[in-house]
Amino acid sequence: MTTFNIATKSCSVCGATSEQHELTSSSAFGWSDLDLRPPEPERSSLFLWVQQCPACGYCAADIEHGDEGLRWIIDSDEYRTQLGDTSSPALANTFLCQAILLEETGNEQAAAWSAINAAWACDDEGATEAAVRARLRAVELFRLELAEGGEFGESDELGDIFASEHALLAELLRRAGRFDEAIEECREGQGTFQDERWRRFLELERSLAEVGTTVAIPTGRLIDRSTYSPPSPRRLSPACSFDGAKRRDCAHGLPATAAMTPNCVVVQHVTPTRRSRDDAMSAEQTGVSSIGLGR
């Protein structure tokens, strides 16, 4: 069951007031898709995950969080063009504008998840080409995150962090019809996993890419139902700050080693820094468990 309120909100950028939907609770029954889209009824709450100020066009999980310093991004040609893009559903445009704000303020990972949310909105409207663009935008943002030394995978083990990243990139590329690139991501991921579940995930992804299908697949196809705990939905916290100093702190669906503080900032107890995949994997395989810890 999903519940929500309609609240009067004051935009933190322009000060205009408007009525906005606010998600208050939801639940999920069944299996998420391989790209981690949750099952119903949470699946249909997507329109409650983002708000848009009707006056200035500010798009955020909560328009009361932000400040006037974001105005230059909102007034940019890129942002205004995306907001008014008639080739994408309006909800997808809202998520993609949120992604622009997040990227410009230094949070590529949260921006990538916002782009994935946009892809889901496109899926719901049958906007196939727009969904492809949104997924490729997410791939671009995740790769920027990796290039800057970050990570977006989820695991207690370093090798499985890498495997989960390859698996998600493969899924996004496969759903976008980039089958050869998806297969290559699977190949790279096969050399990193430690948990058997990631082997099954990568093998399934590769087989789907090899037959050239872009259909959504539930995780129940590859998980032991006796041990699997469905992941949390990837939506941004209402308290997500567009502060470049607080990176990777806005995505729900936290790994087991993370905790949520009252202001919705993820506190990682142990977070390996990505120097390079080869160096990090070599360190782990030789038992040097302290290498690359901390930021």
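Can you tell which of GLU151, GLU140 is touching a helix residue (DSSP H, G or I) at 6+ places or on another chain (Cβ under 6 Å) and of a type in the set (Asp, Glu)?
So the residue among GLU151, GLU140 that is touching a helix residue (DSSP H, G or I) at 6+ places or on another chain (Cβ under 6 Å) and of a type in the set (Asp, Glu) is GLU151.
With respect to ARG225, is the statement that it is out of contact with any Gly (no Cβ under 9 Å at 6 or more places or on another chain), modelled with pLDDT of 50 or more, of a type in the set (Lys, Arg) and farther than 28 Å from GLU129 by Cα true?
Against the criterion (out of contact with any Gly (no Cβ under 9 Å at 6 or more places or on another chain), modelled with pLDDT of 50 or more, of a type in the set (Lys, Arg) and farther than 28 Å from GLU129 by Cα), ARG225 does not qualify.
Only residues that are under 11 Å from CYS56 (Cα atoms) and small (Gly, Ala, Ser): list them for the stretch 1-17, please.
Selection gives SER12, GLY15, ALA16.
Going through the stretch 114-132 one residue at a time, which ones are closer than 15 Å to VAL215 by Cβ and of a type in the set (Ser, Thr, Tyr)?
Result: THR128, single match.
Filtering the stretch 85-117 down to residues that are part of a loop (DSSP other than H, G, I, E, B) and β-branched (Val, Ile, Thr), which residue is surrounded by the fewest Cβ atoms within 10 Å (Cβ to Cβ)?
Restricting to residues being part of a loop (DSSP other than H, G, I, E, B) and β-branched (Val, Ile, Thr), the top hit is THR86.
State yes or no: is PHE152 at pLDDT below 90 and either within 24 Å of THR214 (Cα to Cα) or surrounded by 24 or more Cβ atoms within 10 Å (Cβ to Cβ) (or both)?
Working: at pLDDT below 90: yes; either within 24 Å of THR214 (Cα to Cα) or surrounded by 24 or more Cβ atoms within 10 Å (Cβ to Cβ) (or both): yes.
Spelling it out, PHE152 is indeed at pLDDT below 90 and either within 24 Å of THR214 (Cα to Cα) or surrounded by 24 or more Cβ atoms within 10 Å (Cβ to Cβ) (or both).
In the stretch 10-20, which residue that is in contact (Cβ under 8 Å) with a residue 12 or more places away in the chain and either exposed (fewer than 15 other Cβ atoms within 10 Å of the Cβ) or more than 12 Å from ALA55 (Cα to Cα) (or both) is nearest to the chain's Cα centre (by Cα)? Quick ask: steps written out before the conclusion?
The initial filter retains those residues of the stretch 10-20 that are in contact (Cβ under 8 Å) with a residue 12 or more places away in the chain, namely 10-14, 16, 18-20.
Then drop every residue that is not either exposed (fewer than 15 other Cβ atoms within 10 Å of the Cβ) or more than 12 Å from ALA55 (Cα to Cα) (or both), which leaves 10, 16, 19-20.
On the way: SER10: 27, ALA16: 29, GLU19: 26, GLN20: 23 Å.
In this case the residue turns out to be GLN20.
Can you find a residue in the stretch 151-158 that is part of a helix (DSSP H, G or I) and farther than 24 Å from PRO38 by Cβ?
Yes, some residue in the stretch 151-158 is part of a helix (DSSP H, G or I) and farther than 24 Å from PRO38 by Cβ.
Out of the stretch 16-45, which residues are outside any loop (DSSP other than H, G, I, E, B) and either small (Gly, Ala, Ser) or in contact with a helix residue (DSSP H, G or I) (Cβ under 6 Å, 6 or more places away or on another chain) (or both)?
Hits for the stretch 16-45 are SER18, HIS21, LEU23, SER25, ALA28, SER44, SER45.
The values are calculated or read from the model by the stated rules, or taken from the named source; none is laboratory data. Here the structure is a predicted model, which means the values were calculated and not measured. Note that we place each Cβ from the backbone using ideal geometry, even for glycine, and neighbour counts take in every protein chain shown.
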